[in-house]
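One structure is given here, and the rest of the page talks about it.
No lab work stands behind these numbers, since they all come straight from the coordinates. What you see is a predicted model, and the numbers here were worked out from it, not measured in a lab.
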Amino acid sequence: MPTGPMYLFLKLLHLFAVVLFLGNIIVGVFWKAIADKTRDPRLVAFAMDGIIRSDRAFTIPGVFLILIGGFGAAGIGRLPMLHTKWILWSIVLFSISGIAFMAFLVPIQKKLRAVALAAGTDPSKMDWAAYGKLSSQWKLWGLVALIAPLLAMILMVMKPV
């Protein structure tokens with residue numbers, strides 16, 4: 001089992017980043033659900049704007065810290081990443097999450113915000129059909145972007161393979 005101060009620091013950085021990353025994703029789902037229940041386009045737009053901003057402030061930096069901490073600790077610990085199945089599959093799952101986020105969630109979030117902003121302050125002007133369709137897509141790709149790194153975290157902790 002690898003030890004040493006630099007290994008332990010990188011492992012701690014990795015863990016901190018995972019908490020930051022997953023926590024922000026989960027909180028984003030929570031705030032969108034609350035905003036959607038209000039049926040107020042101003043609150044929906046505000047929540048979507050907050051989710052987009054928090055992704056920039058927490059999710060994206062979390063990705064870089066996860067990579068620095070994880071690859072750094074594996075390198076210092078001399079763990080063969082592509083031949084250690086729990087690391088390899090965690091990388092695959094983390095990559096799937098990143099693809100779902102960048103290719104699908106980011107554009108959908110911007111569209112959701114735009115639909116809400118177009119309504120202004122009048123809920124009757126909100127295109128709820130378009131918003132609902134986009135929300136369904138957001139939920140699907142958000143589930144992929146959340147479940148994949150949760151599974152990676154489980155693999156990292158349990159090391160079953």
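Multiplying the sequence separation of LYS133 and LEU79 by 0.36 nm and subtracting their Cα-Cα distance, what value in nm do you get? Intermediate values should be presented prior to the final figure.
On the way: separation 54, 0.36 × 54 = 19.44 nm, distance 4.44 nm.
This chain segment gains 15.0 nm when fully extended.
When the chain is treated as a GNM, springs tying every alpha-carbon pair under 10 Å, which of ALA129, ALA33, ALA74 comes out with the largest mean-square fluctuation?
ALA129
Pairwise over distinct Cα atoms, reciprocal of the mean inverse distance: report the Kirkwood radius of the chain in Å, one decimal place.
On the way: mean 1/r = 0.0591 Å⁻¹.
One over the average 1/r among Cα pairs gives 16.9 Å for the chain.
Using a cut-off of 26 Å between alpha-carbon atoms, which lysines can reach LYS133, once sequence neighbours fewer than 8 places away in the same chain are excluded?
Qualifying lysines at Cα under 26 Å: LYS32, LYS37, LYS110, LYS111, LYS125.
Shape of region 54-109 from its Cα gyration tensor (a ≥ b ≥ c, root eigenvalues): rounded if a/c is under 1.5, otherwise prolate when a/b > b/c, or oblate?
Working: a/c = 4.92, a/b = 1.80, b/c = 2.74.
It is oblate, given that a/c is not under 1.5 and a/b is not larger than b/c.
Express the relative contact order of region 5-158 as a whole percentage, based on alpha carbon pairs under 8 Å and six or more residues apart in sequence. Could you put the intermediate results ahead of the total?
On the way: 163 pairs, mean separation 49.8, N = 154.
It rounds to 32 percent for region 5-158.
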